[in-house]
Each structure stands twice: as C-alpha cells, then as structure tokens.
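Q: Sharing a structure below in structure tokens format, with a few things to ask.
The numbers here are math on the coordinates, done by the rules we state, and not lab data. Quick caveat: nothing in here was measured; it's all calculated off a predicted structure. Cβ coordinates were reconstructed from backbone atoms using ideal geometry, including for glycine residues, and neighbour counts include every protein chain displayed.
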Amino acid sequence: MGFENNLRKIAPYVPGEQPKNMNKVIKLNTNENPYPAAPGAEEIACNLKDKDMRLYPPTDAGKLSKAIAGYYGIDHKNIFVGVGSDDVLATAFLTCFNSEKPILFPDVTYSFYDVWAALYKIPYKTVPLDDNFKIIKEDYLQENGGIVIANPNAPTSIAMPLEDVEFIVKNNPDVVVIIDEAYVDFGGESAIPLLKKYENLMVVQTFSKSRSMAGMRIGYAFASDKIIQAMNDVKFSINSYTMNYPAVEMGVAAIEDEEYYKATIAKIVKTRKKAVEELTKLGFKVLDSSTNFLFISHKGVKAKDIFADLRSRGIFVRHWDKPRIDNYLRVTIGTDAQMKKLYEALKEILG
Ligand SMILES: *Cc1c(COP(=O)(O)O)cnc(C)c1O
C-alpha cells in the first residue's frame, strides 16, 4: 500500500507491565510510590464539580506552576509544567536539540531518551558508563549537540555528585544540558542551585515518584528565561491545554503538604536500607541506591529466571534483555509488608 510509505515508523518506549488483577499482585516494577498521595489531593479528587470538567482549564496551569516555583524559590518565568516529566522531556528534546551534532546520554539509562531522539530525528551517541555503572564526566567533553543525564540514573539507581553535574554543564556552554531528576527526592543532590549560574541548564522533576501521583501526570522543568520561552512556544504549537483541572488543583494540595511528603520519603528510605541488607544476605549484589528502587544481580541464579519465577508468584519486578544489564533486576521499594513477601519468595526461589 502506497500510504504506508508515508507513515512514521518508530519503535516505541515499552513501559513496565500494568497487571490486570491489581489486588492480587505485588507491583514492584514501575517505581510507583506504594503510599497514597497527600490527603489534601485525594479530597480534591472526591469533590470535583460540574465546571471542573465542562470548562477549559487555565492554559498555563498557573496556580500549579506558581506553587511549585514558589516551593523551590524559582521565578515563575523559569518554570514549565507538563503532563508528567515524559511530556516535559519530549518537549525539551524537540525544543533544545536541533543541532547536526549528536546529543549525548549514557549507554545504560532511561530507555525513553533514544526513542525521543529517533522520533524527532535527533542524531545521538551513547556514552558508556564505567564498569561500576558510574558516569565518567570527562566523556562529556566531546563535541555534541546537547546532553541529557538522569541523576540519580535509572535503572542503575546511582547518583552523580553535584560537582560532576556542574563540570558537565560548565564545559558545555553552547548546548542545553538536561538533568532528569525523577528520583532526586530519595537521596540525590538537585542541580537546582546551579540554575543561577548556568543559562544552558535544565532541571526536570516529577510528582510521579516521590509525591505518589503517577496517575495524575505532573512534571516540570526549571531553566533560564530563553529556554522556558522556547519550550512554551513549542508547546503552544501542539496543544495549549495540556494540564487538566484536577491535576492542577491536586498538585497544589500535594506541594503544600510538606510534612506528609517528608514522612513518605523517610518511610521509603528506611525500607530501602532494610532491603539492601536482606537482599545482600540472599546473595545479591546491590548497587548503591539514591532512589526508590534497587538494581540487583545474583551470584548464582540468572536474573531472567528469577524475574519469571517471581512473576509466576504474582510479584512483578523489571528485567531488560539488553547488553550489560541482562543479569540485573530493578526492584521498586514497596511497603514493608510487600518487601517481606518478596524476601520470602526469593528465599524459596534461590533455596
Ligand atoms: C519515571 C521517570 C520519568 C517520567 O516520569 P513521569 O511519570 O512521566 O513524570 C522520567 N525519567 C525517569 C528517569 C523516570 O524514571
């Protein structure tokens, strides 16, 4: 068929499985937060009125962007809000990466980066992590058309020190450097303080992980006036009403409840610490995590086999059949009760 030649062909990003029988399974495969969103956010969801659905939402999600910018002490003209950080990152790729030179990102990282590059026909080059899955900052001094780095990185869980981030941003003044901080609240160091010094830096964050709101789709970017203006121009050339009204209101409620947010993070960090001990006892190598997940590899049993056995028991973790990481599993930190079931299952599988 002739028309088929005109269709855009792209191998899409593959998200972690969302199983059907949610009640029966333990879901440790997509880094969702096991705890509910802030009580204030839930209350808004329960009290939605006719007009909240009938009218168009504000185009700039102004109430939400002001609340987030205010929380981080950023000027309102330096924030861009989008439908999850995936939307923000996709817009950022389209806006900021328009060079003939390849953009750079690590060989082992968030598997959406190469999909966006392919979709927007952006040339790219992957930069190998070292043998311990760490980013080598000097490798980002080569010629490039832009840089994107997840910090802490996923799925490795490893954080890069802020000095290394600064080294990369400072030595690449002619391109935009995007730091994807989806997991920073669980123990990384945010690059937000560097925004004052570097006009070529963009910091991207999300409510999906640390604020338990993956289903509401709230993400945002901080950057210099010029970058944010260009991002808005691109966004308003596609769809101006991206944020729905409930997401705006619920996001504001979530950001206002600092105490609840801190308590949730503290619970997850505590469970993570215990999980490192338990999994190490079971013979796993556990990478040093600054996130809400662990990246683990077993000395004796193949990751692929452990993955399949856990899945048959209704415990979902993540495995990639990709070079360098095919013997690793990524395990989201769940509640203490969920993790206990995981350790028990692993004892049986490995025993
Ligand atoms: C989860 C994740 C995102 C996207 O999250 P959203 O739900 O779209 O906000 C972005 N980057 C990384 C590295 C992630 O793990």
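Q: Show the residues, 5+ positions off or on another chain, whose built amide H is closer than 5 Å to the amide H of Phe293.
A: Ile333
Q: Among bridges DSSP assigns within the chain, what percent are antiparallel (round to 5)?
A: 55
Q: Can you work out ³J(HN,Hα) from phi for every residue in the range 307-316, in order, using Karplus 6.51 cos²θ - 1.76 cosθ + 1.60 and θ = phi - 60°, giving whole Hz and x for Gly and Pro?
A: Once rounded to whole Hz, the list reads 4, 5, 5, 4, 4, 5, 9, x, 10, 9.
Q: Please work out the FRET efficiency for the pair Ile238 and Ala11, using the Cβ-Cβ distance as r and a Förster radius of 22 Å; give the result to the nearest 0.05.
A: Using R0 = 22 Å, I get an efficiency of 0.50.
Q: Which whole-Hz couplings ³J(HN,Hα) result when phi for each residue of the range 45-59 is put into the Karplus expression 6.51 cos²θ - 1.76 cosθ + 1.60, θ = phi - 60°, listed in order with x for Gly and Pro?
A: So the J values, rounded to whole Hz, are 4, 6, 10, 5, 10, 3, 5, 5, 9, 6, 8, 5, x, x, 5.
Q: For the chain, calculate the relative contact order in percent as a whole number, restricting contacts to Cα pairs under 8 Å that are 6 or more residues apart.
A: Result for the chain is 24 percent.
Q: Evaluate the distance, in nm, between pseudo-label points positioned 7 Å from the Cα of Gln18 and of Phe167 along their respective Cα→Cβ axes.
A: So the two model labels end up 4.0 nm from each other.
Q: Taking the highest mean first, how do the peptides 113-126, 291-304 order by number of other beta carbon atoms within 10 angstrom per residue?
A: 291-304, 113-126
Q: Same structure again: Where does each of 331-340, 46-55 land if you order them by average Cβ count within 10 Å, highest first?
A: Ranked by mean Cβ neighbours within 10 Å, highest first: 331-340, 46-55.
Q: May I pose another question? On full extension of the chain, what length is gained from Lys49 through Lys274, given 0.36 nm per residue of separation minus the C-alpha to C-alpha distance?
A: Separation in residues times 0.36 nm, less the Cα-Cα distance, equals 76.6 nm.
Q: Which of the peptides 309-317, 33-41, 177-185, 213-221 is most tightly packed, and how do the rest follow, going by the mean number of other Cβ atoms within 10 Å of each residue?
A: On the way: 309-317: 17.7, 33-41: 19.2, 177-185: 25.9, 213-221: 21.7.
Output ranking for 309-317, 33-41, 177-185, 213-221: 177-185, 213-221, 33-41, 309-317.
Q: OK, next. What pairs from Lys137/Lys281; Lys274/Lys340; Lys281/Lys340 go past 22 Å between their alpha carbons? Don't skip to the answer; put the middle values down first.
A: Working: Lys137/Lys281 33 Å; Lys274/Lys340 10 Å; Lys281/Lys340 14 Å.
With Cα atoms farther than 22 Å apart: Lys137/Lys281.
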